[in-house]
1. Picking from 92, 141, 158, which is most flexible by a Gaussian network model of the chain using Cα springs under 10 Å?
2. For a quick check: sort 120, 110, 132 by the number of other beta carbons within 10 angstrom, fewest at the front.
3. Once the Cα atoms of helix 10-21 and of the chain are each reduced to a long axis, what angle between those two axes, in degrees from 0 to 90 to the nearest 10, is obtained?
4. On a 0 to 90 degree scale, rounded to 10, what angle separates helix 148-167 from the longest Cα axis of the chain?
5. Please work out the Cα center distance from the stretch 1-47 to the stretch 180-246, rounded to the nearest Å.
6. What residues qualify as long-range amide H neighbours of residue 234, i.e. H under 5 Å apart, gap of 5 or more or another chain, H built at 1.01 Å from N?
7. Take every DSSP beta bridge with both residues inside the chain and express the antiparallel ones as a percent of the total, to the nearest 5.
8. Name the most mobile residue of 71, 52, 226, meaning the one with the largest mean-square fluctuation, in a Gaussian network model of the chain with Cα contacts below 10 Å.
Amino acid sequence: MIFITGASSGIGEATARAFAARKHPLILAGRRIERIRALALELTKTHGIEAHAFALDVRDGAAVRALIDSHRELFGRTEVLVNNAGLAKGLHPLHEGLLEDWEQMIDTNVKGLLYVTRAVVPLMVARKRGHVIHVGSVAGHFNYPKGNVYSATKAAVHALTESMRLDLSGTGVRVTEIAPGMVETEFSEVRLGDPARAKAVYAGMQPLTAGDVAETILWVAERPAHVNIQQIILYPTDQASPTTVHRKS
């Protein structure tokens, strides 16, 4: 069973499609339940797989725990947890940042990841196998102007990935971080709140697609049980760093 958070769009949706094409059963969770249900139904019909859809806001720790506790047998079958739910909000210097943006990023990118991980990983440890894949960001490895709090949350994801791998040594549970660069999804529109500004982020260059990242996640998850890909940093060819992007004139 593959459990994917933030599965209603972007990398989460693409990851669901990639695993479904390989006939893996799915647990899909996200805030936009109608999208999640439609995706689960589509993948069930297309690939003949088992797919479950749940409404879930990972920021709500009590809701996360209640969901897993009430479907313990189902979540106990989780072979791969893809902690994908995350976002960026705002693009301001730190001294001009909005507190509500900071809180949303910290609550989703860090605390939400922790809530889901704390609820699911003990089930993996009990079975002595499993794989946790965190969708981080190059922003967690290389800072850039006005990235401040978003970069800090993704640096936390990187640190938690490393710490979890140490804590889970000997349990049979693998832990991986996938850190993409520029991916054209709803990410920039959510961050900037303006479709035109979001489109301009990718002007003159070819970004990664959600499918590119999903294929990477699938490849990592399908390595033999004795192989743990610890970290992949994934850039489009037109991007050499968070601040170095080749754009056609």
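1. Between 92, 141, 158, it is 92 that shows the largest mean-square fluctuation.
2. Ascending number of Cβ neighbours within 10 Å: 110, 120, 132.
3. Once rounded, the angle reads 40 degrees.
4. Tilt of helix 148-167: around 30 degrees.
5. 19 Å
6. Distant-sequence amide H within range of residue 234: 179, 181.
7. Of the beta bridges lying entirely in the chain, close to 5 percent run antiparallel.
8. 226
Coordinate-derived values only; no laboratory data. Quick caveat, the model's predicted, so the values are computed rather than measured. Quick reminder, even Gly has a Cβ in these numbers, built from the backbone with ideal geometry, and neighbours come from all protein chains shown.
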